[in-house]
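The next block holds one structure in the form of structure tokens; read it before the comments.
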Amino acid sequence: EPVVDQLSGAQPVSVTKRVTRGLKADVPVSVLLDSGVLLSLSQPPERKIGIIELDAAAGKEYRVGYHNFFVITRYNHSHSYAMSVFELAEQVARRSRGS
């Protein structure tokens, strides 16, 4: 199951008002698709996701967080922490595969 996904399409205006402030996926995929936001991974329209707002060098960055992203936030409630854990896990996986 995916943890995080990129957003493309009509953003950030269409996503800023839907940013998830809590610790659960709370936005149906259909709501994003209807507002012109695209996901790189195909998902059923009824699936709940969270819109994650992160601070980046060039300003705000928005990602989609799936259920497993929010599982990480049970340990530490920070979305930035969960994103760091995910990115570290991805790097470890790449190195273990020799990529």
Checking 39, 88, 23 against a Gaussian network model of the chain (alpha-carbon springs below 10 Å), the top fluctuating residue turns out to be 88
Using alpha carbons only, how many degrees (0 to 90, rounded to 10) separate the axis of helix 79-97 from the longest principal axis of the chain? 50
Non-local residues with an amide H under 5 Å from the amide H of residue 4, with H modelled 1.01 Å from N and Pro and chain starts lacking one, are 66
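Determine the gain in length on full extension of the stretch residue 67-residue 95; use 0.36 nm per residue of separation and subtract their C-alpha separation, reporting nm with one decimal. Don't skip to the answer; put the middle values down first.
Details: separation 28, 0.36 × 28 = 10.08 nm, distance 2.52 nm.
Using 0.36 nm per residue and subtracting the Cα-Cα distance, I get 7.6 nm.
Using Cβ counts within 10 Å as a stand-in for footprinting exposure, how do 69, 86 rank, fewest first? Write out the running numbers ahead of the final one.
Values: 69 25, 86 17.
Arranged by neighbour count, lowest to highest, 69, 86 become 86, 69.
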Nearest-20 debye value, the chain charge dipole, Cβ charges on Lys, Arg, Asp, Glu: 160
Do you know the relative contact order of the chain, to the nearest whole percent, from alpha carbon pairs under 8 angstrom that are 6+ apart? 30
3J(HN,Hα) from dihedral phi, segment 59-65, Karplus parametrisation 6.51/-1.76/1.60, rounded to Hz, x for glycine, proline: x, 7, 10, 10, 9, 9, x
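Bear in mind that the values in this text are calculations on the coordinates, not laboratory data. Model, not experiment: these values are computed from the prediction. In this analysis, Cβ positions are derived from the backbone assuming ideal geometry, glycine residues included, and neighbour counts consider all displayed protein chains.
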